[in-house]
1. Only one of Arg411, Arg425 is under 22 Å from the mean Cα position of the chain (by Cα), at negative phi and in contact (Cβ under 8 Å) with a residue 24 or more places away in the chain; which?
2. Every residue in segment 213-233 that is on the phi < 0 side of the Ramachandran plot, of a type outside the set (A, V, I, L, M, F, W, C) and in contact with an Asp or Glu (Cβ under 9 Å, 6 or more places away or on another chain), please.
3. Could you list all residues from segment 425-460 that are closer than 26 Å to Lys292 by Cβ, of a type in the set (A, V, I, L, M, F, W, C) and assigned to a loop (DSSP other than H, G, I, E, B)?
4. Go through (1) within 22 Å of the chain's Cα centre (by Cα); (2) not in a loop (DSSP other than H, G, I, E, B) one by one and return the number of the condition Asp116 breaks.
5. Looking at segment 12-19, can you tell me whether even one residue there is in a loop (DSSP other than H, G, I, E, B), touching a Phe, Trp or Tyr at 6+ places or on another chain (Cβ under 9 Å), modelled with pLDDT of 50 or more and not aliphatic (A, V, I, L, M)?
6. Which pairs have Cβ atoms under 6 Å, sit 6 or more apart or on different chains, and link a residue in segment 305-325 that is in contact (Cβ under 8 Å) with a residue 40 or more places away in the chain and within 21 Å of Glu394 (Cβ to Cβ) to one that is of a type in the set (Gly, Ala, Ser) and assigned to a loop (DSSP other than H, G, I, E, B)?
7. Does Ile272 count as at pLDDT 95 or above, of a type in the set (A, V, I, L, M, F, W, C), part of a strand (DSSP E or B) and under 27 Å from Leu220 (Cβ atoms)?
Amino acid sequence: MKNIIIYAICTFILVGCKKQDEWLEKKSNKSDIIPSTVEDFQALLDNTDVMNTKYPAIGLIGADNSYILDQTAISGGTLQERNAYKWSSDIYEGELFAPDWTYPYQVIEYSNVVLDGIEKIKNINDTRIPEVKGTALFFRAFAYYQLAQLYAKQYNESTADSDLGLPLKLNSDVNDLPNRSTLKETYDRIINDLIEAESLLPLQVSYKTRPTKLAAESMLSKVYFNMQNYTKAKEFADIVLSKNSELIDFNTLSTTVNFPFPTVRGNNTEIIFYAQTISYTFNSRQELCVMKDLFDTYENEDLRKAIFFKKNTNGAINFGGRYTGAGALFCGIATNEIFLIRSESLARSGNFVEAMNDLNKLLKERWKKENGRSTYSNKTASNPTEALLLIINERRKELPFTANLRWEDLRRLNMDDKFAKKLTRNIGVNIYTLEANSPRYVFPIPPVEINFHPLTQNIR
């Protein structure tokens with residue numbers, strides 16, 4: 001029954017590829033199995049193939065942590081991956097299917113079906129309803145956040161009221177085709193959904209693919225951090241770390257296996273909420289190599305150097321330290337990221353001593369032990385600026401291939417001249433550049449969406 005129900009739910013019109021009349025025909029033909037019970041709605045949300053495993057990270061391909069070894073390897077990627085790697089103006093070149101847009105909007109459609117349907121449940125005393133509603137709100141916010149990092153500008157409080165945001169689909173009505181919101185409206189929706197979700201979600205769940213109250217609080221910290229509201233980011237990071245400050249002692253992990261971290265069914269104590277990215281061709285190839293300027297920053301006693309990275313037979317460095325415990329890249333939420341959010345937020349407020357305390361607590365768990373004793377010596381800073389430089393550097397080292405985080409950080413840090421960075425790629429005889437704050441930090445909306453429902457295209 002679960003599979004039939006899931007099949008009956010058609011993807012929201014903005015996802016592209018499905019015409020409205022096809023949707024209506026399918027809905028009519030399946031009218032007897034449209035989800036209507038709490039069990040049905042929970043089944044939709046538990047479809048991990050849709051809700052947990054296909055989040056975008058094409059921004060990571062355009063970031064500065066990796067490069068493709070040679071021209072032949074570049075040709076092996078998909079068209080959109082190749083163009084994202086070169087920061088091309090047109091990444092689609094006529095292709096209709098855009099997974100980085102389509103899959104998150106599919107999550108949003110499932111969430112909206114649940115949110116609309118749960119309001120029609122007659123037994124309002126069913127104790128399962130709050131969790132189901134909170135879960136749907138969380139997933140909708142999570143998906144909109146991922147989309148905003150690719151298809152909208154970096155949040156800037158002074159321009160957010162006029163900058164273009166996302167089309168905010170908030171119901172399952174196929175006839176409702178929203179135009180683009182403002183960026184402020186997009187982030188307000190994300191925050192409001194998370195706040196409401198936090199009030200409804202349970203403290204504990206059976207599987208980390210389901211969100212908890214702690215997951216909503218973690219996402220609020222992450223969203224405010226991205227908005228550069230470091231006061232609110234710290235506030236929610238405090239809440240999260242007061243409940244769960246677990247960090248993995250990297251001395252307990254193997255430095256020889258390809259994937260040293262437990263799978264989703266394993267016991268990775270740092271993971272608060274589990275999600276993973278789309279399986280990109282580039283990220284699964286041995287030719288995807290770690291930038292030397294990143295690899296060389298790891299000290300020999302830093303176990304991340306051996307656990308995260310493996311030398312290929314051609315001498316290049318590949319990344320294997322995925323919190324998925326497998327080939328896909330992790331894009332959920334874990335305590336290591338929350339520690340770094342709080343650390344940077346503290347440094348930006350001037351409290352560099354506490355900021356360094358958080359950083360040192362994290363790094364101590366990454367350092368080699370000898371005879372059961374850590375070889376780590378605390379890093380120090382004499383002022384907030386020194387602390388901030390250290391923390392930003394360690395953030396890149398701790399989260400090098402987690403979702404779009406490096407892409408997000410480049411966008412955020414480029415707004416400050418002290419951290420702005422110009423990216424360069426040499427491919428054959430061609431040199432490609434991405435200037436700080438370039439409009440190419442915003443991906444174009446897939447043309448099929450523009451053609452079907454006129455939306456203002458991003459200038460790239």
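The values are calculated or read from the model by the stated rules, or taken from the named source; none is laboratory data. These numbers were taken from a predicted model, which means no experiment stands behind them. No Cβ is skipped: glycine too gets one built from the backbone with ideal geometry, and neighbour counts run over all protein chains shown.
1. Step by step, each of Arg411, Arg425 is checked, and only Arg411 is under 22 Å from the mean Cα position of the chain (by Cα), at negative phi and in contact (Cβ under 8 Å) with a residue 24 or more places away in the chain.
2. Selection gives Lys213, Glu217, Ser218, Ser221, Lys222, Tyr224, Asn226, Asn229, Tyr230.
3. Val429, Ala436
4. It is condition (1) that Asp116 fails.
5. no
6. Ile307/Gly321; Phe308/Gly321
7. In short, yes.
Residues are listed down the side, and each one gets a yes or a no for (1) in contact with an Asp or Glu (Cβ under 7 Å, 6 or more places away or on another chain); (2) surrounded by fewer than 21 Cβ atoms within 10 Å (Cβ to Cβ); (3) under 21 Å from Phe330 (Cβ atoms); (4) modelled with pLDDT under 95:
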{"residue": "Pro400", "(1), (2), (3), (4)": "no, no, yes, no"}
{"residue": "Asn404", "(1), (2), (3), (4)": "no, no, yes, no"}
{"residue": "Trp407", "(1), (2), (3), (4)": "no, no, yes, no"}
{"residue": "Val429", "(1), (2), (3), (4)": "no, yes, no, yes"}
{"residue": "Thr433", "(1), (2), (3), (4)": "no, yes, no, no"}
{"residue": "Ile445", "(1), (2), (3), (4)": "no, no, no, no"}
{"residue": "Asn451", "(1), (2), (3), (4)": "no, yes, no, yes"}
{"residue": "Pro454", "(1), (2), (3), (4)": "no, yes, no, yes"}
{"residue": "Asn458", "(1), (2), (3), (4)": "no, yes, no, no"}
